[in-house]
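Student: I'd like to ask you about the structure that follows.
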Amino acid sequence: MKIVISLLLTCFSVGISFSQSIDQIINPKEVARIESVLASDKMEGRKTFTPSINRAADFIASEFKKSGLQYFDALNSYKQTFSMKKATIISASGSVDGNPVDTDKIFALTTDSVLNIDQNSGFTKVVITDTSNFFKAFALIKSNQKYLVLVNPVHEKIFQRLKNAGRESFEDKAPVVFVLTTENPTNYHFEIKSNISSSSLANVVGVLPGKSRKDEYVIFSAHYDHLGIGKPDAKGDSIYNGANDDAAGTTAVIMLADYFSKLKNNERTLIFVTFTAEEIGGFGSQYFSKQIHPEKAVAMFNIEMIGTDSKWGNNSAYITGYEKSDFGKILQSNLEGSKFHFEPDPYPKQNLFYRSDNATLAALGVPAHTISTSKMDDEPNYHKQSDEISTLDMNNMAEIIKAIAISSQTIVSGKDTPTRVQKR
């Protein structure tokens, strides 16, 4: 009886110690500390190709260094740099069935300085009608095939966003031409001239080597770029701080890195990565995916916009692609008896599974899923200057990050291995 009581007291003591340990590392105060740097006005919205995103990368790297993470692969720093081509349109002109098209209704995603196309150029024509889901166009952009996309004017807002973004790529890619029109022409001609430049970007990556399963990787990720500075809103605010999108996810990755580095019990190798260039096409995660063997990646926890409560309220989040592997079931099982719960993605029509930084590895078969709380049908500050720190719930964020830490334990330890996602 004394032995049983002693064992129970020991287990109880370990449970209390574990709870105290995680609360000391992952708590609202620490969430606020990191968020207040990443989403500050000094970061100027962390836009790709600006000095501000370099400042954000330096801050993340300094946090990884404090946690004692190692460099990834053969890198000599936490920055995984790569070069990208950027195309900025100089001029555009064209006609459909002999009728001229306004310049502002034409643009191309291309790495060609001069692009001339007509009905004989081998472009596949795609029509996006007033009732079509515009997001299917994003799949065309990534396909590396030549497309002419005819867009109904009802989608003009997204059309203009793509146009203003231009094209970025780390290699020469097949052009995709967009035209805002109600026509479906038989004959057409377009000429687009662009200025092509090259710039360096960087993901920030840190590694916590595993003990018995070093060649099996568990990835925790988020993107740290956002939209930068734009036109002032009604309040005169021109900075898109991106506190929720995705300083929140980046904060989670930094805190998870610190947590697991202090826990020191990971049998599998843990990779903590914050991606650049998500907002302009997911290029950071695409580059990272080319540098890692997908068969070695056991799971990917991509964390996107967890700063507000989900549609189910506090202590909850959803997992994109829940039905594509048993990743979500494993996480929920590890939270059994707690107040926190994961749910399947409630916004299937938004195709979120293939719209975030998990997409490239998921397409290669990795159980790579995004965890989020964003109410995508009603998120008032999404891609607005109002996405500020003041709109976030730091207490709930801390609980979500703790839930990710606890629910990932059996995957980190090697006890559970999620089933693979079907390759695309």
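Student: Quick one: how many residues across region 330-361 are over 15 Å from residue 406 (Cβ atoms), assigned to a helix (DSSP H, G or I) and not small (Gly, Ala, Ser)?
Tutor: Residues in region 330-361 being over 15 Å from residue 406 (Cβ atoms), assigned to a helix (DSSP H, G or I) and not small (Gly, Ala, Ser): 8 in total.
Student: Additional query: Pick from region 137-192 the residues that are charged (D, E, K, R) and within 22 Å of residue 289 (Cβ to Cβ): which of them is surrounded by the most Cβ atoms within 10 Å (Cβ to Cβ)?
Tutor: 167
Student: Across region 123-166, which residue is modelled with the lowest pLDDT among those that are aliphatic (A, V, I, L, M) and part of a helix (DSSP H, G or I)?
Tutor: 165
Results for (1) aliphatic (A, V, I, L, M); (2) in contact with a Gly (Cβ under 6 Å, 6 or more places away or on another chain); (3) without any contact (Cβ under 8 Å) to a residue 24 or more places away in the chain; (4) closer than 16 Å to residue 188 by Cβ, shown as yes or no for each residue.
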| residue | (1), (2), (3), (4) |
| --- | --- |
| 89 | yes, no, no, no |
| 96 | yes, no, no, yes |
| 101 | yes, yes, no, yes |
| 112 | no, no, no, no |
| 118 | no, no, no, yes |
| 122 | no, no, no, yes |
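Student: Kindly check whether there is at least one residue in region 72-87 that is closer than 27 Å to residue 244 by Cα, in the same structural domain as residue 262 (by TED's automatic domain parsing), of a type in the set (Ser, Thr, Tyr) and assigned to a loop (DSSP other than H, G, I, E, B).
Tutor: Within region 72-87, not a single residue is closer than 27 Å to residue 244 by Cα, in the same structural domain as residue 262 (by TED's automatic domain parsing), of a type in the set (Ser, Thr, Tyr) and assigned to a loop (DSSP other than H, G, I, E, B).
Student: Further question: Within region 221-251, take every residue that is crowded, with 22+ Cβ neighbours inside 10 Å and without any contact (Cβ under 8 Å) to a residue 60 or more places away in the chain and give me the one that is farthest from residue 299 (Cα to Cα).
Tutor: 246
Student: With respect to residue 204, determine if the residue is at pLDDT 95 or above, buried (at least 22 other Cβ atoms within 10 Å of the Cβ) and touching a Leu at 6+ places or on another chain (Cβ under 9 Å).
Tutor: Answer is no for this residue.
Student: Quick check on region 371-385. Is at least one of its residues in contact (Cβ under 8 Å) with a residue 40 or more places away in the chain, within 23 Å of residue 39 (Cα to Cα) and outside any loop (DSSP other than H, G, I, E, B)?
Tutor: yes
Student: Ok, one more. Do we have residue 365 as outside any loop (DSSP other than H, G, I, E, B), buried (at least 16 other Cβ atoms within 10 Å of the Cβ) and either of a type in the set (Asp, Glu) or within 20 Å of the chain's Cα centre (by Cα) (or both) here?
Tutor: The answer is no for residue 365.
Student: Show the residue pairs that are 6+ apart or on different chains and have beta-carbon atoms under 6 Å apart, the first residue being within region 169-186 and more than 17 Å from residue 122 (Cα to Cα) and touching a residue at least 40 places away in the same chain (Cβ under 8 Å), the second being assigned to a strand (DSSP E or B) and among the basic types (Lys, Arg).
Tutor: Note: pairs meeting the criteria are 169/85.
Here is a yes/no grid of residues against (1) touching a residue at least 60 places away in the same chain (Cβ under 8 Å); (2) of a type outside the set (Ser, Thr, Tyr); (3) touching an Asp or Glu at 6+ places or on another chain (Cβ under 8 Å):
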residue	(1), (2), (3)
279	yes, yes, yes
290	no, yes, no
298	yes, yes, yes
307	yes, yes, yes
312	no, yes, yes
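Student: While we're looking at this one, here's another question. Tell me which residues, restricted to region 310-362, are of a type in the set (Lys, Arg) and in contact with a helix residue (DSSP H, G or I) (Cβ under 6 Å, 6 or more places away or on another chain).
Tutor: none
Student: Checking the conditions here, which among 113, 95 is in contact with a Ser or Thr (Cβ under 8 Å, 6 or more places away or on another chain) and at negative phi?
Tutor: Selected residue: 113, the only one of 113, 95 that is in contact with a Ser or Thr (Cβ under 8 Å, 6 or more places away or on another chain) and at negative phi.
Student: Cβ-Cβ distance below 8 Å, separation of 6 or more or different chains: which pairs start in region 127-151 with a residue that is within 23 Å of residue 353 (Cα to Cα) and end on one that is outside any loop (DSSP other than H, G, I, E, B) and among the hydroxyl-bearing types (Ser, Thr, Tyr)?
Tutor: Every condition considered, the pairs that remain are 139/354; 140/147; 145/124.
Student: Same structure again: Check region 327-338 and report whether any residue there is buried (at least 19 other Cβ atoms within 10 Å of the Cβ) and either closer than 30 Å to residue 142 by Cα or outside the structural domain of residue 404 (by TED's automatic domain parsing) (or both).
Tutor: yes
Student: A further question on this structure: Confirm whether residue 409 is over 30 Å from residue 142 (Cα atoms), in contact (Cβ under 8 Å) with a residue 40 or more places away in the chain and in contact with a strand residue (DSSP E or B) (Cβ under 7 Å, 6 or more places away or on another chain).
Tutor: Answer is no for this residue.
Student: State which residue is farthest from residue 144 (Cα to Cα) when the search covers only region 59-84 and only residues that are surrounded by 17 or more Cβ atoms within 10 Å (Cβ to Cβ) and not hydrophobic (A, V, I, L, M, F, W, C).
Tutor: 67
Okay, residues lined up against (1) outside the structural domain of residue 46 (by TED's automatic domain parsing); (2) of a type in the set (Val, Ile, Thr); (3) touching a Pro at 6+ places or on another chain (Cβ under 6 Å); (4) within 30 Å of residue 131 (Cβ to Cβ):
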residue: 342; (1), (2), (3), (4): no, no, no, no
residue: 345; (1), (2), (3), (4): no, no, no, yes
residue: 354; (1), (2), (3), (4): no, no, no, yes
residue: 373; (1), (2), (3), (4): no, yes, no, yes
residue: 376; (1), (2), (3), (4): no, no, no, yes
residue: 392; (1), (2), (3), (4): no, no, no, no
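Student: Only residues that are touching a helix residue (DSSP H, G or I) at 6+ places or on another chain (Cβ under 6 Å) and not in a helix (DSSP H, G or I): list them for region 396-424, please.
Tutor: Scanning region 396-424 gives 416, 418, 421, 424.
The values are calculated or read from the model by the stated rules, or taken from the named source; none is laboratory data. Since we're looking at a predicted model, the values are computed, not measured. Here the Cβ is made from the backbone with ideal geometry for all residues, glycine too, and neighbour counts use every protein chain on show.
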